[in-house]
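Working notes, structure below.
Just so you know, all these numbers are worked out from the coordinates, no wet-lab data involved. Not measured: the values here are computed from a predicted model. Glycine gets a Cβ as well: all are built from the backbone with ideal geometry, and neighbour counts include every protein chain shown.
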Amino acid sequence: MMPGYNQPKHFTAGAGLTFKKKGGGGPRGEKIEHRVGIQAPARVIWEVIADLDAWADWNPLYTKAVGKIAIGGTLTLTLQLPDEAPETIRPVVTDWTPDSLLHWKLTMAGGLVRTVRYLEIDELSEESCVFASGEIVGGLLGRYVARRMGRKMYRGFEAMGLALKERAEAKWRAQGGKPTSAS
């Protein structure tokens, strides 16, 4: 008898199969993010973010913003990515917490691209925070869009973060605070 022939085979259910673990339940897709330290309290940074009418005065990424920050509320934003024509977008607010975060979602290309945009303030101390500005790009064409536009998106997030830093630190100084950043 030849080895391996006519021998009983052992079968193990699921042998060789692997399954992707479901993550934490958050959105899936390509993540693009910029973070910057801001020497001002979270409440001062939030005041700048929450004043949508003033975005045109300081925000190079969203040169116009209209709407109300409320869950389910629609914002009308003029998006100005570097080296691109301005585009009007209408995202829906999915989450917000004063002095902490603003999240919205946007569906484009007939649902083939879905994004979750986030602006988050992480308080390090009473007068020092990290501001994270990013987007998770998903959907059937999400990876393609993220690869094609990712550098421009990052540069836009960076420009917004640095402009927010400058505005919030100036506001904090005007209120009697003393930021330590060179601004």
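Couple of notes before you dig in:
- Scalar couplings 3J(HN,Hα) for the range 113-120, obtained by applying the Karplus form with A = 6.51, B = -1.76, C = 1.60 to θ = phi - 60°, are 10, 10, 10, 10, 9, 9, 10, 10 Hz; x denotes Gly and Pro.
- Separation between Cα centres of the range 90-116 and the range 127-174, rounded to whole Å: 14 Å
- Each 10 Å bin from zero up to the one holding the largest Cα-Cα distance in the range 40-91 carries the following percent of pairs: 25, 48, 25, 2.
- Over 23 Å (Cα to Cα) - which of Lys64/Lys152; Lys31/Lys152; Lys68/Lys105; Lys152/Lys178; Lys64/Lys105 fall in this group: Lys152/Lys178
- The slack in the chain from Arg28 to Arg151, taken as 0.36 nm per residue of separation less the alpha-carbon distance, amounts to 42.3 nm.
- Computed from point charges on the beta carbon alone (+1 for Lys and Arg, -1 for Asp and Glu), the dipole magnitude for the range 86-183 about its Cα centre is near 680 Debye.
- Residues of the range 34-53 falling in the label zone of Ile69, defined by backbone nitrogen less than 13 Å from a point 7 Å along Cα to beta-carbon, are 42-53.
- Quarter of Cα convex hull surface for the range 40-183, i.e. mean projection, nm²: 8.6 nm²
- Förster radius 45 Å - calculated FRET efficiency between Met108 and Ala174, Cβ distance, rounded to 0.05: 0.70
- Theoretical FRET efficiency, 1/(1+(r/R0)^6), r = Cβ-Cβ of Leu162 and Asp95, R0 25 Å, to 0.05: 0.55
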